[in-house]
1. I'd like to verify a number: residues in segment 120-172 that are within 21 Å of Val223 (Cα to Cα), charged (D, E, K, R) and part of a loop (DSSP other than H, G, I, E, B), how many?
2. If I ask for residues that are touching a Pro at 6+ places or on another chain (Cβ under 9 Å), surrounded by 15 or more Cβ atoms within 10 Å (Cβ to Cβ) and farther than 14 Å from Lys76 by Cβ, which ones from segment 107-132 would you list?
3. Give the residues of segment 75-86 that are touching a helix residue (DSSP H, G or I) at 6+ places or on another chain (Cβ under 6 Å) and among the hydrophobic types (A, V, I, L, M, F, W, C), sorted by residue number.
4. Spot the failing condition for Ala188; the list is (1) of a type in the set (A, V, I, L, M); (2) free of Cβ contacts under 8 Å to residues at least 12 places away in the same chain; (3) assigned to a loop (DSSP other than H, G, I, E, B), and only one is missed.
5. Which one of these does Ala163 not meet: (1) under 18 Å from Gln187 (Cβ atoms); (2) free of Cβ contacts under 8 Å to residues at least 12 places away in the same chain?
6. Which residue out of Leu68, Leu72 is buried (at least 21 other Cβ atoms within 10 Å of the Cβ), in contact with a Gly (Cβ under 7 Å, 6 or more places away or on another chain) and farther than 28 Å from Pro186 by Cα?
7. Specify the residue that is surrounded by the most Cβ atoms within 10 Å (Cβ to Cβ); the eligible residues are those in segment 181-210 that are charged (D, E, K, R) and either out of contact with any strand residue (DSSP E or B) (no Cβ under 8 Å at 6 or more places or on another chain) or over 23 Å from Leu89 (Cβ atoms) (or both).
8. Please go through segment 18-58 and pick out each residue that is loosely packed, with under 14 Cβ neighbours inside 10 Å and outside any loop (DSSP other than H, G, I, E, B).
Amino acid sequence: MSLRAAALDLFLGSRCAGCGLPGGALCGRCRRALAPLSRPCWPEPAPDGLLGPPPVPPWAAGAYADPLRQLLVAYKDRDRATLAGPLGLALAAVVEEALTAADRTAVAVELVPVPSAAASVRRRGRDVVADLARVAAARLRRRGCDARTVPRLRPVRAVSDQAGLSADARAANVHGALCARRLRPPQAPVLVVDDVLTTGATAAEAVRALRAGGVGAAAVAVVAATPRRGAPGPPGSAVRPLFPPPRNG
């Protein structure tokens with residue numbers, strides 16, 4: 001948390017980052033929203049880069065809806081860096097579920113964060129996705145899994161703001177924006193990790209760049225995924241009914 005944010009908390013009193021209720025940085029309701037309901041979160045339409053072959057299924061802890069949405073916004077853009085702890089723990093649970101579904105025993109895993117743009121890192125003073133990955137890896141190690149965070153990806157060009165773009169426009173915007181670093185081959189299953197999945201374009205670009213560098217990803221793990229329009233169930237409900245597998249996957 002920045003000095004400015006700390007001063008505001010001192011002046012106004014601590015408030016929940018998710019709903020704004022006074023009394024603490026995270027109220028009981030919003031803390032319960034971080035209890036992961038890890039499920040596959042295939043977007044519709046699913047990007048070809050995730051369909052494979054082989055397919056790289058995306059997994060999420062929950063839907064990108066309040067209060068989880070507010071927690072992520074507070075973490076990324078409102079100086080609530082301490083939320084990396086609970087959000088990273090939710091991400092760790094997603095990684096475990098994704099490994100289990102891939103028939104991989106969770107004895108080792110390599111987490112590859114999607115790199116933040118340099119401008120975003122300068123503005124925030126931190127790489128928000130890399131921080132989540134480090135918290136998740138630490139949690140997994142405490143649970144007996146040899147988890148490591150490896151920066152295998154790096155941006156090679158700037159991309160436009162994705163807000164408001166269609167799925168096709170997002171895919172065109174990020175295509176070729178990442179490349180794989182020349183590092184030692186992985187000795188464990190590789191999972192791409194990010195904070196939010198919307199159309200899957202960024203995740204597919206990360207998978208493409210890794211494949212071009214000779215590295216295959218077993219899955220994608222995110223904290224939250226945007227429900228597709230018209231999906232059954234109320235906003236913020238469990239991910240299972242909101243994100244069915246793609247029809248051709």
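1. Adding up the residues that qualify gives 5.
2. Ala108, Val109, Glu110, Val112, Pro115
3. Matches in segment 75-86: Leu83, Ala84.
4. (2)
5. (1)
6. On the way: Leu72 fails: in contact with a Gly (Cβ under 7 Å, 6 or more places away or on another chain).
Just one listed residue meets the conditions, Leu68.
7. From segment 181-210, those charged (D, E, K, R) are 181-182, 184, 194-195, 205, 208; that's our starting set.
Okay, now just the ones that are also either out of contact with any strand residue (DSSP E or B) (no Cβ under 8 Å at 6 or more places or on another chain) or over 23 Å from Leu89 (Cβ atoms) (or both), so 181-182, 184, 205, 208.
On the way: Arg181: 13, Arg182: 8, Arg184: 6, Glu205: 24, Arg208: 22.
Top of the filtered list is Glu205.
8. Pro22, Gly28, Arg29, Arg32, Asp48 - these are the residues of segment 18-58 that are loosely packed, with under 14 Cβ neighbours inside 10 Å and outside any loop (DSSP other than H, G, I, E, B).
The values are calculated or read from the model by the stated rules, or taken from the named source; none is laboratory data. These numbers come from a predicted model, not from an experiment. In this analysis, Cβ positions are derived from the backbone assuming ideal geometry, glycine residues included, and neighbour counts consider all displayed protein chains.
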